[in-house]
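First the structure, in the form of structure tokens, and then the observations on it.
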Amino acid sequence: MVRRSAPPLSDRTLLDFVTRNRAQELYVDIEYFAEVDEIAPLPANKHLLKNLSKFFIWSPEHVEDYIRGQGGAFLWLLRVHRLREPYVIGRTAGGGPPTWYSHPDEIPVAGAIPVVGDNDYQLLRKEILRLIVGDAAPV
């Protein structure tokens, strides 16, 4: 049977569905990891933030507001790698995915593949650092 639209769900029915299914998700597949390659101070400069905007998901105005609200910020240049095989770990006690905590197991990263190739990554890295620190950027 093919339907053109889904049957209407009440908010309560949807909440019950999400709660029931979330409780069953006891594990998380880790498929990627990121390593910090460089950390640089990020000034609240509209021109700079506009030029960097193609490298982050937020609007330059949002980033500028964040920097001003925090009294400054740092750009973290991350190198992302895909694991050869997903690594399965349990969820945290709070029920959410373990995105930012020390996990007791060592995740096997040998043989992980960079998402962006070495040459392309170096070009992007150089471009980002030159935008931030000028022509004196480390290579």
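The values are calculated or read from the model by the stated rules, or taken from the named source; none is laboratory data. Predicted model only: the values in this text are computed from it and were never measured. Cβ atoms come from the backbone with ideal geometry, glycine included; neighbour counts cover every protein chain shown.
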Give the range 60-84 a look and list any residue that's over 23 Å from LEU123 (Cα atoms) and in contact with a helix residue (DSSP H, G or I) (Cβ under 7 Å, 6 or more places away or on another chain), or say none. VAL63, GLU64, ALA73
Have a look at ILE57, ILE39 and point out the one that is at pLDDT below 85, closer than 17 Å to LEU124 by Cβ and either out of contact with any helix residue (DSSP H, G or I) (no Cβ under 8 Å at 6 or more places or on another chain) or not hydrophobic (A, V, I, L, M, F, W, C) (or both). ILE57
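Does ILE67 satisfy being at pLDDT 80 or above and surrounded by 10 or more Cβ atoms within 10 Å (Cβ to Cβ)? Give the derivation first.
Details: at pLDDT 80 or above: yes; surrounded by 10 or more Cβ atoms within 10 Å (Cβ to Cβ): yes.
In short, yes.
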Filter the range 37-50 for residues that are in contact with a Lys or Arg (Cβ under 8 Å, 6 or more places away or on another chain) and within 24 Å of VAL115 (Cβ to Cβ); the one that is surrounded by the most Cβ atoms within 10 Å (Cβ to Cβ) is GLU38
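Go through PRO104, PRO97 for me and flag whichever is modelled with pLDDT under 90, part of a loop (DSSP other than H, G, I, E, B) and surrounded by 12 or more Cβ atoms within 10 Å (Cβ to Cβ). Steps first, answer last, please.
Working: PRO104 fails: surrounded by 12 or more Cβ atoms within 10 Å (Cβ to Cβ).
Criteria check complete, one pass: PRO97.
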